[in-house]
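No lab work stands behind these numbers, since they all come straight from the coordinates. Because the structure is a prediction, the values reported are computed rather than measured. Cβ coordinates were reconstructed from backbone atoms using ideal geometry, including for glycine residues, and neighbour counts include every protein chain displayed.
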Amino acid sequence: MEMGILGLPQSGKSTLFEIMTKVKGGGAHGETCVRGQASVPDERFDKLVEFYQPVRVSPAKVPFVDVHAVGDHPWEAVRQNLSGADGILHVIDGFSLPDRQIAVDAYRKLEDELILSDLLIIEKKLERFAKTAKKALTQQDVRQSELLPGLKEVLEAGRPLRSAGLDGAQIFLLRSFSFWSIKPELVVVNVAEDNLSFADDFAKAAGLNEPVLGICCKIEAELAALEPAEQKEFLASLGIAEPAFGRIIRSAFSLLGRMSFFTVGEDEVKAWVIPAETKAPKAAGAIHNDFERGFIKAEVMSYSDFIACGGSAAQVKATGKLRLEGKEYIVKDGDIINLRFNV
Ligand SMILES: Nc1nc2c(ncn2[C@@H]2O[C@H](COP(=O)(O)OP(=O)(O)O)[C@@H](O)[C@H]2O)c(=O)[nH]1
Ligand SMILES: [Mg+2]
């Protein structure tokens, strides 16, 4: 799982990457590509840490990739380093020239590049299908050849594949193409300090289905350099409850279809990252492969029951709210789990 950061040069990609991951962005040491993990802010997690006061604290993480794409062939660097990304964070410069049309054009410029790239893939494939004898086509070929012409029309209309209303099976059928515009996308407008509402202006003007969030990287970079207590003061002075970068990380996390369950104790409170709709043994496998094989039962407390019982696991058990779940249990976001396994 990985989120690729896309955007024109000087739009603030590396600045945002650094704010989110605390890792120096691409280009700082001459690399074309830098990876970093961003902690996902989660009030529930903070609360669990407060109750357990553990030695180690391990929040959920989202990996981001920052590409330093400059020079004559920036697109090549992007292609090489972001093709494996599961989602795209598209950064728009909204600070240097806060003009809606310029921002929308900047967005379209890269978006059209991705759409064109996908269109070429489809055209090539359809050509190949046309040249192949019907009998030589596999079942998968046939299903692809039925699906692709409609998708070609979507792209020709300038729309990304993620807007084509594809279902899970169709997306699976298309996975080998590594389409760009099929990836879920979060749009982030990097706004000027004195023009925080520009992200909303952009969203209205662009009329996108994709989620759009605003951030002023300049302010948030200053914020990130402060001690936690000073951060709170600084935010309060601006009338902001939470820094925007936290919301961006959370949106990326859910855009990638991920959720977390918790394991708790005095040694460690940890948020484990799993895809939504994961069954208990697979979730156990996120902790250790052996736990999946040797899975017996999961003792589960819901986060809300835990809080209702004043943060006492014993109280949860005493009130009959501790559930013993088996192999078919689908883990819910925020479950607090203790595994029983046999290895
Ligand atoms: N005024 C202003 N400058 C910014 C902001 N975000 C980034 N910059 C500056 O814009 C330049 C390019 O930023 P960078 O993150 O390297 O862009 P990248 O090429 O997309 O990675 C740097 O000099 C940043 O300091 C912002 O919100 N406001
Ligand atoms: Mg950069």
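Below is a table of values for the structure above.
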quantity: GLU222-LYS47 FRET efficiency (beta carbon distance; Förster radius 30 Å; 0.05 resolution); calculated: 0.60
quantity: Rounded to the nearest 20 debye, dipole of the chain from Cβ charges on Lys, Arg, Asp, Glu; calculated: 1520 debye
quantity: Shape of the chain, Cα gyration tensor, a/c cut at 1.5; calculated: oblate
quantity: Rounded if a/c under 1.5, otherwise prolate or oblate - region 245-343, Cα gyration tensor axes; calculated: oblate
quantity: Under Karplus coefficients 6.51, -1.76 and 1.60, residue-wise ³J(HN,Hα) of region 223-234 in Hz, glycine/proline x; calculated: 4, 4, 7, 8, 5, x, 5, 5, 4, 4, 4, 4
quantity: Cβ crowding within 10 Å averaged over residues, with 296-305, 202-211, 169-178 ranked highest first; calculated: 296-305, 202-211, 169-178
quantity: Estimated vicinal HN-Hα couplings, Hz - region 114-123 in sequence order (Karplus 6.51, -1.76, 1.60; Gly, Pro = x); calculated: 5, 5, 5, 4, 5, 4, 5, 4, 5, 4
quantity: Mean residue ellipticity (222 nm) of the chain, computed from DSSP H runs ≥ 4 via -39,500 (n - 2.57), nearest 500; calculated: -13000 deg cm²/dmol
quantity: Inter-site label distance for LYS332 and ASP99 at 7 Å from Cα along Cβ, in nm; calculated: 5.2 nm
quantity: Extension gain from GLN37 to ARG56, taking 0.36 nm per residue of separation minus the Cα-Cα distance; calculated: 5.1 nm
quantity: Fraction of beta bridges assigned by DSSP in the chain that are antiparallel (%, nearest 5); calculated: 50 percent
quantity: Estimated inter-spin distance, LYS22 and HIS73, nm [label 7 Å along Cα→Cβ]; calculated: 3.8 nm
quantity: Label-point separation in nm, ASN289 to ARG143, each point 7 Å along Cα→Cβ; calculated: 2.9 nm
quantity: Long-range HN-HN contacts of GLY214 with modeled amide H, under 5 Å; calculated: VAL189
quantity: Estimated FRET transfer efficiency (SER312, ARG340; beta-carbon r; R0 22 Å; 0.05); calculated: 0.60
quantity: Net length gained if the chain between LEU120 and SER176 were fully extended (0.36 nm per residue, minus Cα distance); calculated: 18.7 nm
quantity: FRET efficiency, MET1 to ALA130 (Cβ-Cβ, R0 25 Å, nearest 0.05); calculated: 0.10
quantity: Karplus-derived HN-Hα couplings along region 246-253 (A = 6.51, B = -1.76, C = 1.60, θ = phi - 60°), whole Hz, x at Gly and Pro; calculated: x, 5, 5, 4, 4, 5, 4, 4
